[in-house]
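For reference, the structure is listed below as structure tokens.
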Amino acid sequence: MAAYQELDLCAPGQETARGRRFNAFLAEVLRWGGLRDVVSDQRGLEGRDETDVSFMLGYTPYILEAKWQHAPVDAGARSKIKERLEGRPPGVRPVLVSMSGFTEAVRKWADFHAGVVLL
């Protein structure tokens, strides 16, 4: 709880640092939940991109994009995770985490793509 409260009290100008700490926080929560192979802030092959958090649920790999911002997550995050999926093997599932919710366009996109998880 203390870690969450520290993230919530982010000082102006510290949003990027909070983002990295948020990724680590989410990874730790997933580990506490018993998931395996949880990694935060991982660079892709040849530095092509950064995955906020990746993990395995059973035999299914997931990549997680986390956002802690004032406005609901819009199509930019959706495009970002779609692009990251293109460089991954088939079967990798996307998770979008937003502390401020999602725009209607993102919710509709997730409804149309059954493998997408919004939290």
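Between Lys67 and residues 5 or more places away or on another chain, which pairs have amide H atoms under 5 Å apart, with H built 1.01 Å from N, and which residues are they?
Hits under the 5 Å cutoff: Val97, Ser98, Met99.
Might you tell me the accessible area per residue for the chain, computed with a 1.4 Å probe and given in Å²? Numbers along the way, then the final one.
Numbers: 7360 Å² over 119 residues.
With all protein chains present, the chain gives 62 Å² per residue.
Hand me the chymotrypsin sites (Phe, Trp or Tyr not before Pro) from region 13-119 located in a DSSP loop with no more than 11 other Cβ atoms within 10 Å, in residue order please.
Working: sites: Phe22, Phe25, Trp32, Phe55, Tyr59, Tyr62, Trp68, Phe102, Trp109, Phe112; in loops: Tyr59, Trp68.
Of the chymotrypsin sites (Phe, Trp or Tyr not before Pro), the ones in loops of region 13-119 whose Cβ has at most 11 other Cβ atoms within 10 Å are Tyr59.
Taking only the C-alpha atoms, wrap a convex hull around region 28-83 and report its volume per residue in Å³ as a whole number.
Numbers: hull volume 5.9 nm³, N = 56.
Cα-based convex hull of region 28-83, divided per residue, equals 106 Å³.
Assuming 0.36 nm per residue, please report the length gained on full extension of the stretch Glu50 to Arg31 beyond their Cα-Cα distance. Display every interim value, and only then the final one.
Working: separation 19, 0.36 × 19 = 6.84 nm, distance 1.99 nm.
Full extension from Glu50 to Arg31 adds 4.9 nm.
Arrange the residues Asp52, Asp41, Asp111 by how much accessible surface each exposes, largest first, with a 1.4 angstrom probe. Present the calculation step by step, with values, prior to reporting the outcome.
Details: Asp52 10, Asp41 55, Asp111 130 Å².
Correct descending sequence by accessible area is Asp111, Asp41, Asp52.
Could you calculate the FRET efficiency of Arg107 with Gln69 from 1/(1 + (r/R0)^6), where r is the beta carbon distance between them and R0 is 25 Å, rounded to 0.05? Mind showing how you got there, number by number?
Values: r = 17 Å, r/R0 = 0.66.
Computed FRET efficiency for Arg107 and Gln69: 0.90.
Tell me which trypsin sites (Lys or Arg not before Pro) from region 24-85 have a DSSP coil assignment and no more than 12 other beta carbons within 10 Å of their own.
Counting only loop positions with at most 12 other Cβ atoms within 10 Å, the trypsin sites (Lys or Arg not before Pro) in region 24-85 are Arg48.
I want to verify the translational diffusion coefficient of the chain in µm²/s; compute it with Stokes-Einstein, Rh as the Kirkwood radius over Cα pairs, at 25 °C and 0.890 mPa s. Mind dumping the intermediate values first?
Numbers: Rh = 14.9 Å.
Here the translational diffusion coefficient equals 165 µm²/s.
Pop out the carbon and sulfur fraction of the accessible area of the chain as a percent, whole number, probe 1.4 Å. Numbers along the way, then the final one.
Values: 4070 of 7360 Å².
Answer for the chain is 55 percent, counting heavy atoms of protein chains only.
Explain nothing, just compute: Karplus ³J(HN,Hα) = 6.51 cos²θ - 1.76 cosθ + 1.60, θ = phi - 60°, for every residue of region 66-78 in order, whole Hz, x for Gly and Pro.
10, 10, 10, 9, 6, 8, x, 5, 10, 4, x, 5, 4
The values are calculated or read from the model by the stated rules, or taken from the named source; none is laboratory data. Fair warning: this is a prediction, and the values are worked out from it, not measured in the lab. Quick reminder, even Gly has a Cβ in these numbers, built from the backbone with ideal geometry, and neighbours come from all protein chains shown. The area values use the complete protein model at the heavy-atom level, side chains included, leaving out ligands, DNA and RNA. Shrake-Rupley method; radii C 1.70, N 1.55, O 1.52, S 1.80 Å.
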